[in-house]
Amino acid sequence: MTAHGYFSTYALVGLVLLVGAGFVAAAFTANRLLRPHAPTAEKLTAYECGVDPVGEGWAQTHVRYYIYAYLYVIFAVDAIYLFPWATVFADPGFGATTLVEMFVFVGFLAVGLLYAWRKGVLTWT
């Protein structure tokens, strides 16, 4: 491979990045130029589900909510891996190997779920 061909691929990547950045800049500029702009005190007030804000903006959140979100992400990733596995499992020559691999993967997730259940993380109080 010559040096000319090597650097031309980087130049192509740089050109694509510049064109992409240009599209983003053009979109933001068009948005700023074309949008209606009539700020009022009422429009600048913080809005939360139709209730006027009262008090400070700082509120503590229990760590339990983060654990639920983390468990959701784990099982969403599990679902993402199960769909391609189901398509490969049907192909000849992949049956037993992919079945064992998926049982190991689901087993790790089951152990994690069992641990969370035994620790009482999944109880909503």
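Could you tell me whether the range 61-68 includes any residue that is under 30 Å from Ala46 (Cβ atoms), over 18 Å from the mean Cα position of the chain (by Cα) and not in a helix (DSSP H, G or I)? Don't jump to the end; show me each part of the working.
Filtering the range 61-68 for residues under 30 Å from Ala46 (Cβ atoms) gives 61-68.
This time we only want the ones that are over 18 Å from the mean Cα position of the chain (by Cα), so: 61-64.
With the extra rule that they be not in a helix (DSSP H, G or I), the set shrinks to 61-62.
Within the range 61-68, one or more residues are under 30 Å from Ala46 (Cβ atoms), over 18 Å from the mean Cα position of the chain (by Cα) and not in a helix (DSSP H, G or I).
Taken together, the residues in the range 107-125 that are open to solvent by 40 Å² or more (accessible area, probe 1.4 Å) and out of contact with any helix residue (DSSP H, G or I) (no Cβ under 7 Å at 6 or more places or on another chain) amount to 12. Scanning the range 92-100 turns up one or more residues that are surrounded by 10 or more Cβ atoms within 10 Å (Cβ to Cβ), among the polar types (S, T, N, Q) and touching a residue at least 12 places away in the same chain (Cβ under 8 Å).
Run down Ala30, Ala79 and say which single residue is open to solvent by less than 60 Å² (accessible area, probe 1.4 Å) and modelled with pLDDT of 90 or more. Spell out how you get there, then give the answer.
Values: Ala79 fails: modelled with pLDDT of 90 or more.
Answer to the check: Ala30.
Here Phe89 fulfils each of the conditions (1) surrounded by fewer than 10 Cβ atoms within 10 Å (Cβ to Cβ); (2) at pLDDT below 80 apart from (1).
The values are calculated or read from the model by the stated rules, or taken from the named source; none is laboratory data. Here the structure is a predicted model, which is why all the values come from computation and not from measurement. Positions of Cβ are backbone-derived with ideal geometry, glycine not excepted, and every protein chain shown enters the neighbour counts. Heavy atoms of the whole protein, side chains included, go into the accessibility calculation; ligands, DNA and RNA do not. Shrake-Rupley method; radii C 1.70, N 1.55, O 1.52, S 1.80 Å.
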